[in-house]
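Q: Can you read through this structure? Questions will come right after.
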Amino acid sequence: MSGWLGIVVGVLAACGTRLLLRSTPARRAVGIVLFGIALNLLVFAMTGAEHARAPLVAYGEEAPRGPFADPLPQALVLTAIVIGFALQAFALVLITLTGRVDGPVREGAEP
Amino acid sequence: MILALAMLLASAVLAAPAVPRLRAVSAVFLPLPLLAVFGMLLARARGVLAGEGEREVLANIAPLSTDLALRLDGLGLLFALLVSGIGAAVLVHAAGYFSENPSTLGRFAALAYLFAAAMIGLVLADDLFTLFICWELTSVCSFLLIGLKHGETEARSGALRALLVTGAGGIALLVGILLLADVAGTTSISALVERGDEVRTSAAYLPILGLIALAAFTKSAQAPFHYWLPGAMAAPGPVSAFLHSATLVKAGVFLLARFHPVLGFRAEWHVLLGHVGAVTLLVGAVLAFAQDDLKRMLAYTTVAGLGTLVLLLGIGTEPALRAAMLFVAVHALYKASLFLVVGYLDKRTGTRDLTRLAGLAVHAPVAFAAAALAALSMSGLPPLLGAIAKELVYEAKLGAPEAPLALAAVGSAGNALVVGCAVLVGLYPFVRRGAPPALLSVPAVRLLLGPLVLAAVGLLFGVFHDTTAAPLIDAALAAAVGEPETAEFTLDASPAVVSWLGKATLLAGVLAVVFRRRLLAAGRRVATLASAGPTALHDRLLEALFGAGSAVANVFARGGVRQTLVWPLVLFVGIGAWLVVGGVAGWSLPDFTLDPYRALLLLLVVGGAAGAVRARSNLSAVTSLGIAGFGVGMVFLVLGGPDLAMTQIAVETLAVLLLLAVLGREPVEPEPRRSRAKLLGNALAVAVGATFTVLVWAAAPDGSLPPLATELAEKSVPEAYGRNVVNVILVDFRALDTMGEVFVLAIAALGVTALLRGASGEARGEPVLGFVGTFGRSPILRAAARSIVPLLALVAIVLFVRGHHEPGGGFVGGLVAAAATLLHAFAFGIGATRARFGPGRLVAVGLAVVLASGAIGLLAGGAFLEGTWLSGRFPAVGKLGTPLLFDAGVFLVVLGVSARVLFGLLEREGAPA
Amino acid sequence: MSLLVVAPVLVALAVGTLALLAGRHLQRAGLVAGALVHLAACGALFARVFGDGVQAYHLGGWSAPLGIAFAADSFSAVLVLLTGLIGAAVALQAAQTTPEEGLGAGTPALVFFLLAGVDAAFLTTDLFHLYVAFELLLLSSFVLLVAGGGREARVAAVRYLVPGVLSSMLLLAGVGLTYGLTGTLFMPEAGARVAELGSSPAVRAVAGVLALAFALKAAVFPVFAWLPASYPAASSAMAALFSGLLTKVGVYALVRVFTLVFPGEMSWLGPLMLAVAGATMVVGVLGALAQWEMQRLLTFHVVSQVGYLVVGFALGTAAALASTVFYVFHNSVAKACLLLATGVVRARRGTDRLRDLGGIAKSDPLLAGAFLVAALALAGIPPLSGFWAKLLVLRAAVQSEAWVVLAVAAGVGLLTLLSMAKIWTTAFWGNDAGTPGTETSRAGRAIELAPVALLALVAVGLGLLAGPALEVSQRAASELLDPSAYVEALRRSAP
């Protein structure tokens, strides 16, 4: 499945980039979130994602049975999602409150 | 000698506060440190003249395999005596010059001591780094001293110009000595001197010569770098007398003399120094003669004198070097004396203009005496020391291996003009018939003691040459000559010719004075070019630099965010391209298995993304985004990540809510169609996406679990007492990551609150959540809420508690709890919710709980965040331990953060309080 | 295991949390007190590493790679000490200059969280945790930029935030991809795996992504534009904090990751970075020359000076890495000192525009003296710290026969001197041109100056005590080139 996941990551990233490059704050905000989703999916794809079983140990046992998904990328993605959300929350509020910011930086280069 | 330097430094520190208190008595105290140094030097002179010089190590810098060291040899002794002796004279004069300005005197004294220490350190340095350190320090002192009266524009610009020119030389020197050290394998100058042949024959010889010569030329105001010296005349008189006549400007000459054993004896040395010196001599002499301001005239004659010195060093024969050494001393003595006299005249009459000064012999006899002696030395009249110097100089020129006649001719011409200047400065103002300008009263003794002494020394040493000056010069010469393997061929110059030349120069000089006006009219254009030319070039260069800077700043500061994104994205695409180009062969094909259900989910995700891009209104964009996010959550679920799926969906919901709240329902501004920027942006976006895809394919593992994952799963139950491996990783194995995560959450909450509070005045679109106002407090909602809220709270707690063994955990639990509080707020108002649940400090409390859970591990004797468990099992929970406490902290933080952010937004939207 | 290794981070987090819990009136005093405690912790760690060699700590009682471990070699210890020092100086000024809205927004807590993130980045051995640390310091800096500021600060924050988010995404990508390649996040182990894999295109690409992410955070050419677009709008104390620490973490990460995990990639990355360094030095200093406001000028300098740091990284020899270690410390101290001094100028004169200033040397000689010291240090005048730093860089270039870089570094040094002289002759010399800002008592003025004086003294001390400092730098460089002591310390302290 990693082949298809790779393609989806690419599409998400492309869409996110396209939105980021627009200068409307609204578009940028959406772009940031989309880009974040793409990244999370990328890290998740670093499992050998064949194994659809969740890494849970059944009651009374000592280890998960049979082939299971790699728990580490899941934990990483979970952390990344939350951190990403924190970043996004701040970014969204900042970007939309500030409005359009493109255009020349105020003159500091002139005496 | 280290003691001497330390004493000077201490004096520098004490001077500024102490001098204003001493007032009139300062004239007695000020020269003392320098006189003491002079005395110390004399005490060691005998040993030095006999050829023994001790090495004193200041510090050992092992990592650079170097010692910072000093060594007193003949060359150093000569220069050091000059610095300390002339310095003492100048300080006495300064006490008079600044008599009305004690604080300025204090500053002058402090900087003068510092400078003297640096200068003496420079000439005594026995290793390259000490040399350089002192070199740069003299430049800095010069800068600060020129700007002593920095209220005046000319002082500031003069100082800046000096700093830049000498600074450039300094950098060149640094690179030069690094190359030198690399080639010779040592930084000790005494050792370096013995390895001269190695340096001369190495490939790096030319760069080293060029760099060190550049340093010397900039410091010693050789053409074309001579232009900073006249500008430095904006400094007060004593500064010019001390630094810019006798000491600082000689540093370049010193450098060349010091390195002569290492870098000399090669054609390039002769040619470079010879030409530059000759040109400088001529330029300086001509420009000097054209001046009306006495101080500037002296400055330019100094340039000429320095040119002569460089020329002599360029000739490089023993007689030439001897002449140079003597001339260093002679020049320093008479020049300093003349500068000081001019300073006196300036104070006495208020002017330094040649055309206005006349008939002062009667009113200032002492000054006249000093000036006359100095001027006669400058002109080379016996029995003054200057005469001996002049003889030696001519002897050397005539005895040069190459082009002796040309050198003699140039030298004579220049000297003639210099003689003329000597007459103009030293005799004219006193002897010329006319009325002097209005005379002021000045502290004559202080002002004139110095110059008188210096000029008298010139006389004494001239008369008693063999016993006083000669041994010193010989010792200096020994240091400067070095021991090459090839002996230099010297022509003997006939004494008769030398004597004839000397007389001819004198005559020419006097004639020049007589016909001065006519000569000046003829040469005025040349003179302005030579003086203004380089300065203009310097200024234009600076302008070009500033212009380049503006251009750079505009290119990179213009444009906004988009520009800062494009560069990294382009580079990123570059990496992808490189990957594809480099390694398409030898790739294993990525796995493309798919079943219909998963295919549908992936399509959902892609569709949502596409929809977000093409959306026309904010609402549709956000909705599409939500679809994409939920789709990804489902993908996570299907591929074995239940916790992950829950978190993704929960966070996605929050993100969508947040976006709706801040974006409102306003339509998107229409983008310009089909602009080139838009096409490029699309292309870039596609390329970025492709790069990501290619990277995923290249790096994704091939289906088998890495050993780390297996180990984590196997240890989860027996050692960490949890059946939900992912949760165990989050709150136990890698709890530190989660700790960072909750702090990041808290910071975001702080930020959002700060932003919302700060921007409360600005209105934004139509609040989407405005329905809160209408809905709120509806009795139906309240009734429902009364049962639903506690239910939700219970779900939250259950989720949290079971998280260690089944999907769930602190984060999701906290989010559900936040949902409960949100519902409560809708129904009963924010104020009531706050009163009941008080999220005021909830975030901070949560953070504290997290930290505390880690600390418990420490207190129990383990590591921070080590899982510490109560013995025995509990119903429904299993084992109780710090990871659960940790998760509780996470719960609290998430609840607090969500509540803060949501409530902040609601309040802005006009929700009922 | 030495608890000192995690002490700086824990102290910073704990103090920050306390700041959130404490009342308004304790904020200013708490900021200073907490920063001093933090400095003490950092100093203790440095002393321990200096005396006993590399120290390590495995958190949670799990040995890495099961858990996360911190390790402090000489390089990390030096940087942590620097963090404590800059934190203390900035705290001293921020406690005086932060407006009430800033306090209400939680500035003190944020400062400590930022310090915690920086410390963690310098000490962690886990790639993902490095990402978390970066996020912690990044988000703190975002909020610090806007806290208590007006619209201008928010605009600057957007210019800072969007590329910052991109850099974080790239870092996350790089970390994730590395996990995919190597199956581990523990840097020493990842390095071993990478060595086994050899230099395949995939390895090169992943290394490239990480290098790009760090380069973006370090603000090198051509991805530096975000820095001069945002830092000038920060308060001087925050500008000092950011300039002193944030870009340095990017450089540190480059060095650490490319000596520990991807050393083989230096064969192509080195020359590339050398060119980047040269361009950065030149573009930065040229931009600085054109500025007429002190803070703006100094922030362009931040870019230029990062170039010097990257030179050492790019050349990769022991001498070169030693130059980077020494230069980082010197540069942060001098730069922070200059920015804090600018803060004092703003407070006393109301502006930092050069045209509107003049005669500060007459009215505030102490301030002028401290500024002069720091400016000369930055310009590389002996015997201050900057001289030794520049010497080391130039010497490394000579030894590696990198003649172009040698010439560029020397030339840029001269231009740096020119720009410092520009500030000095227009703002400090001359006659009093501006209107005074606020009137403060003598004691007040002394306290205002304290952070500036403190850092200036450090610059002087570093110059005079160059011998021991150079030895530490050399030791750090040899530890970086041969990480066996690092790995061994981690293995030894594993539970």
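The values are calculated or read from the model by the stated rules, or taken from the named source; none is laboratory data. None of these values were measured; they are calculated from a predicted model. FYI the Cβ positions are ideal-geometry reconstructions off the backbone, even for glycines, and counts take in every protein chain you see. Heads up: the accessible areas ignore ligands, DNA and RNA and are worked out on the full protein's heavy atoms, side chains in. Shrake-Rupley method; radii C 1.70, N 1.55, O 1.52, S 1.80 Å.
Q: Which ³J(HN,Hα) values, rounded to whole Hz and listed in residue order, are derived for the stretch C:371-381 from phi using the Karplus coefficients 6.51, -1.76 and 1.60 in 6.51 cos²θ - 1.76 cosθ + 1.60 with θ = phi - 60°, glycine and proline given as x?
A: Once rounded to whole Hz, the list reads 4, 4, 4, 5, 5, 5, 4, 4, 6, x, 7.
Q: Out of the GluC sites (Glu not before Pro) in the stretch B:1-102, which ones are loop residues according to DSSP with at most 13 other C-beta atoms within 10 Å? Present the calculation step by step, with values, prior to reporting the outcome.
A: Numbers: sites: B:GLU52, B:GLU54, B:GLU56, B:GLU100; in loops: B:GLU52, B:GLU54, B:GLU100.
Loop-located and lightly packed - B:GLU52, B:GLU54, B:GLU100.
Q: Defining a contact as two alpha carbons under 8 Å apart and six or more residues distant in sequence, what relative contact order in percent does the stretch C:309-389 show?
A: 27
Q: Moving on to the next point. State which entries of C:LYS362/C:LYS390; B:LYS219/C:LYS422; B:LYS295/B:LYS503 exceed 23 angstrom in Cα-Cα distance in the structure shown.
A: Details: C:LYS362/C:LYS390 31 Å; B:LYS219/C:LYS422 21 Å; B:LYS295/B:LYS503 27 Å.
From C:LYS362/C:LYS390; B:LYS219/C:LYS422; B:LYS295/B:LYS503, over 23 Å: C:LYS362/C:LYS390; B:LYS295/B:LYS503.
Q: Would you mind computing, in nm to one decimal, how far apart the modelled labels at B:ARG786 and C:LEU197 are, each placed 7 Å from Cα along Cα→Cβ?
A: About 6.2 nm separates the two model spin labels.
Q: What percent do you get for the relative contact order of chain C when only Cα pairs under 8 Å and 6+ apart count? Walk me through the intermediate numbers first.
A: Working: 867 pairs, mean separation 83.2, N = 495.
Taking the mean separation of contacting Cα pairs over the length of chain C, I get 17 percent.
Q: Taking amide hydrogens as modeled 1.01 Å from N in the peptide plane, which residues meet the under 5 Å criterion relative to C:GLY380, leaving out close sequence neighbours?
A: Close amide H contacts, sequence-distant or interchain: C:GLY386, C:PHE387.
Q: Shifting gears a bit: Can you figure out the FRET efficiency of B:THR653 with B:LEU542, using R₀ = 41 Å and their beta-carbon distance, to the nearest 0.05?
A: Details: r = 60 Å, r/R0 = 1.47.
Taking R0 as 41 Å, the efficiency between B:THR653 and B:LEU542 is 0.10.
Q: What does a probe at A:ARG65 reach in the stretch B:712-756, counting residues whose amide N is under 19 Å from the point 7 Å along Cα→Cβ?
A: B:713-718, B:722-726
Q: Enter the accessible area of C:ASP432 (Å², nearest 10), with the probe set to 1.4 Å and all protein chains included.
A: Result for C:ASP432: roughly 90 Å² accessible.
Q: Taking every residue in C:65-74, how many Cβ atoms of other protein chains lie within 10 Å of its Cβ, on average?
A: 4
Q: Further question on the same structure: Under the classification rounded if a/c is under 1.5, otherwise prolate if a/b is larger than b/c and oblate if not, where does the stretch A:1-90 fall, given a ≥ b ≥ c as square roots of the Cα gyration tensor eigenvalues? Could the numbers behind the result be given before it?
A: Values: a/c = 4.98, a/b = 2.07, b/c = 2.41.
Oblate, since a/c reaches 1.5 and b/c is not below a/b.
Q: State, as an integer percentage, the relative contact order of chain B based on alpha-carbon contacts under 8 Å between residues 6 or more apart.
A: On the way: 1412 pairs, mean separation 79.1, N = 913.
After rounding, I find 9 percent.
Q: Test of understanding: what is the full-extension gain from B:HIS465 to B:LEU206, defined as 0.36 nm times their sequence separation minus their Cα-Cα distance? Present the calculation step by step, with values, prior to reporting the outcome.
A: On the way: separation 259, 0.36 × 259 = 93.24 nm, distance 3.92 nm.
Computed gain between B:HIS465 and B:LEU206 is 89.3 nm.
Q: Something else now. So how much slack lies between B:VAL362 and B:ALA496, counting 0.36 nm per residue of separation and subtracting their Cα-Cα distance, in nm?
A: Details: separation 134, 0.36 × 134 = 48.24 nm, distance 3.94 nm.
44.3 nm is the gain from fully extending B:VAL362 to B:ALA496.
Q: Counting each DSSP H run of 4 or more residues in chain C as -39500 (n - 2.57), what helix-only mean residue ellipticity at 222 nm follows after dividing by all residues, to the nearest 500 deg cm²/dmol?
A: Values: 22 runs with 374 residues, N = 495.
One gets -25500 deg cm²/dmol as the mean residue ellipticity at 222 nm.
Q: Give the residue list of chymotrypsin sites (Phe, Trp or Tyr not before Pro) in the stretch B:397-467 that are DSSP loop and have at most 13 other beta-carbon atoms within 10 angstrom.
A: Values: sites: B:PHE430, B:PHE461, B:PHE464; in loops: B:PHE464.
Counting only loop positions with at most 13 other Cβ atoms within 10 Å, the chymotrypsin sites (Phe, Trp or Tyr not before Pro) in the stretch B:397-467 are B:PHE464.
Q: Can you give the Kirkwood hydrodynamic radius of the protein assembly as shown from its Cα pairs, in Å with one decimal? All intermediate terms of the calculation are to be shown ahead of the outcome.
A: Working: mean 1/r = 0.0284 Å⁻¹.
So the Kirkwood estimate lands at 35.2 Å.
Q: What average number of partner chain Cβ atoms lie no more than 10 Å from the Cβ of the residues making up B:576-582? Please report the intermediate quantities before stating the final value.
A: Details: counts 4, 1, 5, 8, 2, 1, 5.
Other-chain Cβ atoms within 10 Å of each residue's Cβ, averaged: 4.
Q: Still on this model: Be a star and scan the stretch C:405-425 for residues whose amide nitrogen sits under 18 Å from the point 7 Å along the Cα-to-Cβ vector of C:ALA275.
A: Of the residues in the stretch C:405-425, C:405-409 have backbone N under 18 Å from the label point off C:ALA275.
Q: Calculate, for C:ARG491 and B:LEU529, the FRET efficiency according to 1/(1 + (r/R0)^6) with r their C-beta to C-beta distance and R0 60 Å; round to the nearest 0.05.
A: Details: r = 75 Å, r/R0 = 1.24.
About 0.20, to the nearest 0.05.
Q: Follow-up question, since we're still on this one. Round to a whole angstrom and tell me the spacing of the C-alpha centers of the stretch C:318-366 and the stretch C:1-54.
A: Between the Cα centre of the stretch C:318-366 and that of the stretch C:1-54, the gap is 26 Å.
Q: Rounding to the nearest 20 debye, state how big the charge dipole of the protein assembly as shown is about its Cα centre with +1 on each Lys and Arg Cβ and -1 on each Asp and Glu Cβ. Don't skip to the end; give the middle numbers.
A: Details: 97 positive and 83 negative charges, 946 e Å.
For the protein assembly as shown, the charge dipole is close to 4540 debye.
Q: Karplus couplings for the stretch B:628-641 from phi (6.51 cos²θ - 1.76 cosθ + 1.60, θ = phi - 60°), rounded to Hz, Gly and Pro as x?
A: 4, x, 5, x, 4, x, 5, 4, 4, 4, 5, 9, x, x
Q: Could you work out the helix-only [θ] at 222 nm for chain B, with each DSSP H run of four or more residues adding -39,500 (n - 2.57) and the total divided by the number of residues, to the nearest 500 deg cm²/dmol? Could you put the intermediate results ahead of the total?
A: Values: 38 runs with 676 residues, N = 913.
Calculated from helices alone, the mean residue ellipticity at 222 nm is -25000 deg cm²/dmol.
Q: What percentage of the solvent-accessible surface of the stretch B:1-265, computed with a 1.4 Å probe over protein heavy atoms, is contributed by carbon and sulfur atoms? Kindly include the intermediate steps, with their values, before the conclusion.
A: Details: 4700 of 7500 Å².
Looking at the stretch B:1-265 in its full context, I get 63 percent from C and S.
Q: Here's something else I'd like to know. What length, rounded to one decimal in nm, is gained on full extension from B:ASN60 through to B:VAL13, with 0.36 nm per residue of separation minus their alpha-carbon distance?
A: Numbers: separation 47, 0.36 × 47 = 16.92 nm, distance 2.54 nm.
Between B:ASN60 and B:VAL13, full extension yields an extra 14.4 nm.
Q: Only sites in a loop by DSSP and with at most 14 other Cβ atoms within 10 Å count here; which GluC sites (Glu not before Pro) in the stretch B:331-430 make the cut? Don't jump to the answer; show the numbers that get you there.
A: On the way: sites: B:GLU391, B:GLU395, B:GLU402; in loops: B:GLU402.
Those that pass, being in a loop and sparsely packed, are B:GLU402.
Q: Based on alpha-carbon centroids, what's the gap between the stretch B:315-338 and the stretch B:528-583 in Å, whole number please?
A: 48
Q: Got a sec? Which residues in the stretch B:419-459 would a label at B:VAL514 touch, if it sits 7 Å along Cα→Cβ and we count backbone N under 15 Å?
A: Answer for the stretch B:419-459: B:420.
Q: Sticking with the crude label model, points 7 Å out along Cα→Cβ, report the distance from C:ILE447 to B:ALA599 in nm, one decimal please.
A: Taking the simple label geometry, C:ILE447 and B:ALA599 are separated by 7.3 nm.
Q: Let's test the formula: R0 of 51 Å, r as the Cβ-Cβ distance of B:ARG614 and B:ARG841. What FRET efficiency results, to the nearest 0.05? Intermediate results must be reported in sequence, preceding the final value.
A: Working: r = 45 Å, r/R0 = 0.88.
Calculated transfer efficiency: 0.70.
Q: Could you let me know the centre-to-centre spacing of the stretch C:443-460 and the stretch B:213-239, using Cα atoms, in angstrom?
A: Between the Cα centre of the stretch C:443-460 and that of the stretch B:213-239, the gap is 35 Å.
Q: What order, most packed first, do the peptides A:52-61, A:23-32, C:371-380, B:420-429 have when packing is the mean number of other Cβ atoms within 10 Å of each residue? Provide the component values of the computation, followed by the final result.
A: Values: A:52-61: 16.4, A:23-32: 23.7, C:371-380: 27.1, B:420-429: 25.4.
Result, highest mean Cβ count within 10 Å first: C:371-380, B:420-429, A:23-32, A:52-61.
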